[in-house]
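No lab work stands behind these numbers, since they all come straight from the coordinates. Just so we're clear, the structure is a prediction, and the values are computed from it rather than from any experiment. Please note: Cβ atoms are built from the backbone with ideal geometry, for glycine as well, and neighbour counts cover all protein chains shown.
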Amino acid sequence: MKTRIFALLAGVAALLAFSGCIESHQTLKLKKDGSGTIEEETLMGAQMVAMMEMAALQGGAAGGPNPFAEMCDEEQYKKKASGYGEGVEYVKLEKVERDGGKGVKVTYKFKDINKVSFEPGSGLDNVGPGAGALGEVEVPDATLKFSYAGGKLTITFPDPPEGVEKPAEEGEPNPADEQAQQMMQMFKDMKISAKLVVEPGIASTNASHRDGDSITLMAVNFSEVMENPEGLKALQKLGMEDRKKMEEALKDVKGVKFETKKTVVVTLK
């Protein structure tokens, strides 16, 4: 399975010897003049935090680096800013605590969204040691491209890479199913999202998932997905080249929102 979302999970699983909830939320905020901010919030659940803190009290008996300490290292985010595009700058890091969980909220700023490269799900790169949780895990490019002028924003979504693995036909055995199922169980409490917020407001858009002045680009609540026996099979179709079939596969799956259009146009107020 070569879609980014499962490659991301594989990278995190390879580095974290803990179980528990991880949340990763990205918010791109756009102003009328084309400038804006990118916010990344990454939160580790209470169980995961408790295990890390216990390991620290025991002198690191569990072995390995402390992912939460790595998450609070500002230097990695300063380096990451350029990955969001030309002229994107690191602004600040804030520690977040919620329901016993701990994490960080990182803010970047940009002057021109036309120069921004935004990849939904890349907030998970913050989980793990050093320069990112994925390390050398190879993932397909899922970068969105933006074109903004005269109060109209066009978002272009990438096509699946050539050679992407197709899901098995109905009734046909798929060797990836068991591995993916195990991974889904490990991350059953994970939540991932990426959204666009238009601060002056949205006059019109063809986006599939709009809520007021906010557009969901991608959102997965794994707890809800796991409640549906067909949920995993639907996620496996995220890399399908046929966008209509992908949309059909996902429309009734609770806990999953993905933009399946090639191009989304947003007219600002």
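Just to verify a number: FRET efficiency for Thr156 and Ala50, C-beta to C-beta distance, R0 = 35 Å, to 0.05? Don't skip to the answer; put the middle values down first.
On the way: r = 43 Å, r/R0 = 1.23.
My answer for the efficiency is 0.25.
Spin-label model, Glu199/Lys79: points 7 Å from Cα along the beta carbon direction are separated by 3.0 nm.
Spin-label pair Asn228-Lys262: with each label point 7 Å from Cα along the Cα-Cβ axis, the two points sit 2.6 nm from one another.
Positive contributions from Lys and Arg (+1) and negative ones from Asp and Glu (-1), summed over other residues with Cβ under 9 Å from the Cβ of Met218, come out at +1.
Please compute the net charge surrounding Ala203, taking Lys and Arg as +1 and Asp and Glu as -1 over other residues with Cβ under 14 Å from its Cβ. List each step's numbers first, then the result.
Numbers: positive: Lys32, Lys152, Arg210, Lys269; negative: Glu199, Asp213.
Charge balance in the 14 Å sphere: +2.
Taking other residues whose beta carbon is less than 12 angstrom from the beta carbon of Leu93, and scoring Lys, Arg as +1 and Asp, Glu as -1, yields -2. Put simply, when 105-113, 30-38 are sorted by average Cβ atoms within 10 angstrom per residue, most first, you get 105-113, 30-38. Residues Glu94, Glu39 in ascending order of nearby Cβ atoms (within 10 Å, fewest first): Glu94, Glu39. Counted residue by residue at 0.36 nm each, then reduced by the alpha carbon distance between them, the extension gain from Glu89 to Lys31 reaches 19.3 nm.
A crude spin-label estimate for the pair Asp99 and Lys244, with each label 7 Å from Cα along the Cβ direction, gives 4.0 nm.
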